[in-house]
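> What follows is a single structure, and I will ask about it in a moment.
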């Protein structure tokens, strides 16, 4: 059994993080799949998905450490060619990755109590993000 | 065909790495799946899974470089709110990621000779970890 | 339905990046799967796969920032044991990860316009890389 849909998320620009856990869980229930996996895939090259304890501290810490490791800069090759100011956005998104696979068990997500599914906007301006979901199983 | 089970791993705390390759291969054999994928997902927000050449040098190097890039610190927002000393653990685990998908071929795992599946404990104290496995295919 | 094949990529050594998008899309068409997922898995411990806007600027930036964060060095435990000069290659590959899961929709890949699938060679010499593909769905 394969079920697909897209979540749309309006982001507020760089460093904006969204908790998608409940929306993904609802999609899994709609799918009718009891045992299997749900694959998230964010369409576009400047946003990422993953899991984290979704609380205000880490919501600030994660984008902050990404900006420390991969800072905004005019020196990226991407910048010198495109001048759109988001070279670091591409690199941060690639490092975190666009896809996440979470198991589906008894029609639910066996996440830890302090483990939520997030979307992180790495681009420098607000974007309308599409997160593609594929639920597979039986 | 969908087969699910959980591996339990008792970790020794921060920087402790475990080679899960043989246990995952055994679960795949139990599943009866010949062609497909096995999805690993570590439950909780302060551990990660991935692949590495599992040898004593890299077993020490990987946690060490993570501690250099994302060091223990009292300055994380997570620390200022929760004071549990593991802000870096959350960030390291999120960066490496909680899930890994490995193909299943002829009822086995087509890993490289020097490529093993690891669990890395990023938390500061020993934990009982549950790694959820989903084997799907035919 | 499960379809598997391997892509072979001859790399030019450290920092060499390849755009696999079209080859993955062709494999998906050969599979006959209309809705589902394709899982990429690079066999070996010193290469990685992911998504990026594949253009010359970022093609240079990504390996460069990886070399800044995880530089070549004789001080890694891996180096002291094996003296093969590629401790950083292992660490970079583990951080980016060996696997990527992309949805399959209407027999195609719903990637963003500026989002391509890449293979990055992290090892210090040219390698013959095998990227295993599993297309699953209906």
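The values are calculated or read from the model by the stated rules, or taken from the named source; none is laboratory data. This one's a predicted model, so the numbers in the text were calculated from it and none came from an experiment. So basically every Cβ, Gly included, is an ideal-geometry build from the backbone, and we count neighbours across all protein chains shown.
> Could you check how many residues of the stretch B:79-96 are closer than 30 Å to residue B:37 by Cα and out of contact with any strand residue (DSSP E or B) (no Cβ under 6 Å at 6 or more places or on another chain)?
Selection size over the stretch B:79-96: 5.
> Looking at (1) over 19 Å from residue B:42 (Cα atoms); (2) at the interface with chain C (Cβ under 7 Å from one of its Cβ atoms); (3) in contact (Cβ under 8 Å) with a residue 40 or more places away in the chain, which one does residue A:89 not meet, given that it meets all the others?
Unmet for residue A:89, out of (1) over 19 Å from residue B:42 (Cα atoms); (2) at the interface with chain C (Cβ under 7 Å from one of its Cβ atoms); (3) in contact (Cβ under 8 Å) with a residue 40 or more places away in the chain: (2).
> Another question, if that's okay. Hey, among the residues in the stretch C:128-138 that are under 16 Å from residue B:109 (Cβ atoms) and surrounded by fewer than 23 Cβ atoms within 10 Å (Cβ to Cβ), which one's nearest to the other protein chains (Cβ to nearest Cβ)?
Result: C:132.
> Failed condition for residue C:92, given (1) closer than 22 Å to residue A:71 by Cα; (2) surrounded by fewer than 23 Cβ atoms within 10 Å (Cβ to Cβ), with all others met?
(2)
> May I pose another question? Scan (1) over 22 Å from residue A:111 (Cα atoms); (2) facing chain A (nearest Cβ under 10 Å); (3) surrounded by fewer than 23 Cβ atoms within 10 Å (Cβ to Cβ) for the single condition residue B:76 breaks and write down its number.
Here residue B:76 meets the rest and fails (3).
> For the stretch C:1-22, which residues satisfy the criterion of being under 14 Å from residue C:102 (Cα atoms) and crowded, with 18+ Cβ neighbours inside 10 Å?
Once the filter is applied, which keeps residues that are under 14 Å from residue C:102 (Cα atoms) and crowded, with 18+ Cβ neighbours inside 10 Å, the stretch C:1-22 yields only C:20.
> Do you know which residues across the stretch A:96-127 are at negative phi, within 12 Å of the chain's Cα centre (by Cα) and either in a loop (DSSP other than H, G, I, E, B) or within 11 Å of chain C (Cβ to nearest Cβ) (or both)? Explain how you work it out, then say what you get.
Filtering the stretch A:96-127 down to residues at negative phi leaves A:96, A:98-105, A:108-127.
With within 12 Å of the chain's Cα centre (by Cα) added as a condition, the list becomes A:96, A:98-101, A:116-122.
Passing the criteria: A:96, A:98, A:99, A:100, A:101, A:122.
> Which is modelled with pLDDT of 95 or more and touching a helix residue (DSSP H, G or I) at 6+ places or on another chain (Cβ under 8 Å), of A:32, A:108?
Residue meeting the stated conditions: A:108.
> Within the stretch A:1-51, work out how many residues are at the interface with another protein chain (Cβ under 7 Å from one of its Cβ atoms) and under 18 Å from residue A:93 (Cβ atoms).
7
> Can you tell me which of (1) buried (at least 23 other Cβ atoms within 10 Å of the Cβ); (2) more than 7 Å from chain B (Cβ to nearest Cβ); (3) within 20 Å of residue B:47 (Cβ to Cβ) is the one residue A:54 doesn't meet?
(1)
> Return a yes/no flag: does the stretch C:38-49 have any residue that is in contact with a helix residue (DSSP H, G or I) (Cβ under 8 Å, 6 or more places away or on another chain), farther than 22 Å from residue C:123 by Cα and surrounded by fewer than 23 Cβ atoms within 10 Å (Cβ to Cβ).
no
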